[in-house]
Each structure stands twice: as C-alpha cells, then as structure tokens.
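Written out below as structure tokens is the structure these notes cover.
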Amino acid sequence: MKNQNVARRFFAPLLAAAILLAVGPISAQVQERAVGGEVQTTIVPRPAACPAPFSVTLDARTPYVLTSDIGSITNYQTSLNYTKPDKAYLHTFVWKHEHRCCQVTSATMTVVMKAILPGAAINSPDAGNDDISIIHAGVTVPPFSDRIYNGITRPFPAGQTATKTWTLNPAALALLNTNGDLTAYVQDDTSVTSATLQLSGCCLTN
C-alpha cells in the first residue's frame, strides 16, 4: 500500500500537466491537497480572457429617433437644451456591431436634465410630475421608469437640475444585443442637457 501511495504522489502532477498540455490555450489552475495520506490533484479551469474587448460611449449630440421604438408618442422633440415646455424629449441610442460576433456585457445610461418649468408638487402639471424612462418597441423596459426629480424637495424653481444614471439589467442588455437600440424618454417640461450610453463587451475577433 505504501508503494501505491508513493506512485500516486509521483504520477498525479504529471497527469495534471499532461491534461493541461492537451487542452492547449485554455487557462487552468492545478490544486493539490493531502487526503488520507494521498495527494489529490484537481484541475480548476479559469474563464478564458476575451480575445477582443471593447468599450464605447454613445451620445445624443446628433439627434436621432427610431420611430419603431416610440410607439404612439407624437408630441416630442429631439434637441438637447430645448427651452420650450410641453414637448417630450426622445433619443434612440444605436449600437452597431463593428466586428463579427460581439456582445455587450455591461452598459450604463446617464441623462443630465434641467427643469424648463418650476415643479410645484410630485403630481403637479409642470416639471414636478415629469418622468424619465427607457423604452423599446413602444413600451417601457422595466424597471427603468422613474420620476426625474425624486429626492428633490418640492416646490423647486425652473432651472432645477437632475441626473439619472441607470445600469442596464440582463433584459435590457439582451435587447441591445438582439436589436441594437434603446430609446431615452424624458417628459415634456424638462430639458435634456446631455445623454450617454456607455457600453462594454467582447468580440471574438478584432
């Protein structure tokens, strides 16, 4: 039995090395531990590194709206720093696959806004009740819909600023990967100063 234990301690690391050579470039870690006087060797695969990672920031400086994204919304405008009330703001972010076999793995939307009208109360028909949402194919992408001025004491004056930052969930990422677009919607008494969609992901080739 002693000779068998010695043989196992000698051949186990060699077997692990042979397996690592066989799998080629896949990264792995060899773990050894003593169990009952014997050495047990475990090969733990590590996630393979992305061959071609990417990071890109889309912005709203060039107005664009994909009409299939906005459903029945008709009273809207697409300009940053718009100064007249009673028109919603819309911008469609479009991600184009620059390379073959790419996937977005994380994304953050940031919208900076300013009240065109004062906000008297949370449900008042001025900037106080304005909402912001992410929409696609005419419907809100849950859970991305919220009052713009949450956390800001009402009443507030015209010119009140607010920033909304959302980290996209797997469902929103799936829409981006499948369709390549998402639209930001801001209700009608609030101006948008800037809007960006920051994307990170992986391509199989450069």
For region 48-130, what is the relative contact order in percent, using Cα pairs closer than 8 Å and at least 6 residues apart in sequence? 21
List the residues whose amide H sits under 5 Å from the amide H of residue 124, counting only those 5 or more places along or on another chain, with H placed 1.01 Å from N in the peptide plane. 129
Placed amide H near residue 77: partners under 5 Å, 5+ positions off or other chain: 88, 89, 90
Between residue 57 and residue 140, what's the calculated FRET efficiency when r is the beta-carbon distance and R0 is 25 Å? Round to 0.05. 0.60
Using alpha-carbon coordinates alone, the radius of gyration and Dmax of region 52-203 in Å work out to 15.6, 51
Tell me, what is the percent relative contact order of region 52-203, built from C-alpha pairs under 8 Å that lie six or more residues apart? 43
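Any read-out appearing in this document is the output of simple, stated calculations on the displayed coordinates, not a laboratory observation. Keep in mind it's a predicted model, so treat the numbers as computed, not measured. Positions of Cβ are backbone-derived with ideal geometry, glycine not excepted, and every protein chain shown enters the neighbour counts.
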